[in-house]
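*Asks:* First, the structure itself, so that you have it in front of you.
Values in this text are rule-based calculations from the coordinates and carry no lab data. What you see is a predicted model; the values in this text were computed from it and never measured. Here the Cβ positions follow ideal geometry from the backbone for every residue, glycine too, while neighbour counts run over all protein chains shown.
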């Protein structure tokens, strides 16, 4: 049984275009008194033409990128189980959220707010960016065993990619739990996903190998990636003050 353990999606944009809060791993930028909001900085980004090649992000131009975990939710019975994630940038592994093979220190299935990773370098055209994810289940003597892994490096049935204009996935939460759509609720307008052209959201299923099962609710890891022409543009997006819609 899987229940909702962690879904800390930031309310950045009332019209459902949004990105992330402060908390950078590679390049900490947190200008709380900035004059320009994240929303304004995001809408100012120039469009970066990119394609999803079997799930991988590949641009025809140089680009920078941010990766943000919007949430992770997976349990065994009523107990949350670990999820780890990493990035592959061309042929290099990047681990901004902890060790991918360490289910304790690398666990992202926690109540804390998601962390934002700003890649510190411009990437050349044609370089692929992918995300890998792994779930773990308890084994003997307090240890964990690998359960299910998935990657955007290839066309996988265990990953759903969402871009601007896509219909909202009609995936029911397992056992009357919250639906996958609630993880991306800040990015929905009129039953469609609303993103900047430079963004893509990935939904991962890491709980069951039987995708025909009701347990396949694609809540186990949700990640949004945003591209830009320069690192500096993305620094401004991340460092803008939070918007208050109360």
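*Asks:* Could you give me D for region 38-239, from Stokes-Einstein at 37 °C and 0.692 mPa s, where the hydrodynamic radius is the Kirkwood radius over C-alpha pairs? Units µm² s⁻¹, please.
*Replies:* So the translational diffusion coefficient is about 189 µm²/s.
*Asks:* While we're looking at this one, here's another question. Note down the nm distance, to one decimal, between modelled labels 7 Å out along Cα→Cβ at residue 112 and at residue 61.
*Replies:* Taking the two extended label points, one gets 3.6 nm.
*Asks:* Of 110, 152, how do they rank once you tally other Cβ atoms within 10 Å and put the fewest first?
*Replies:* 110, 152
*Asks:* Could you check the simple spin-label distance between residue 191 and residue 52, using points 7 Å along Cα→Cβ, in nm with one decimal?
*Replies:* Result for the modelled spin labels: 2.1 nm.
*Asks:* Could you line up 49, 197, 157 from fewest to most neighbouring Cβ atoms inside 10 Å?
*Replies:* Starting with the residue having the fewest Cβ neighbours, the order is 157, 49, 197.
*Asks:* Along the Cα→Cβ direction, 7 angstrom out, place labels at residue 44 and residue 163. What is the inter-label distance in nm?
*Replies:* 2.6 nm
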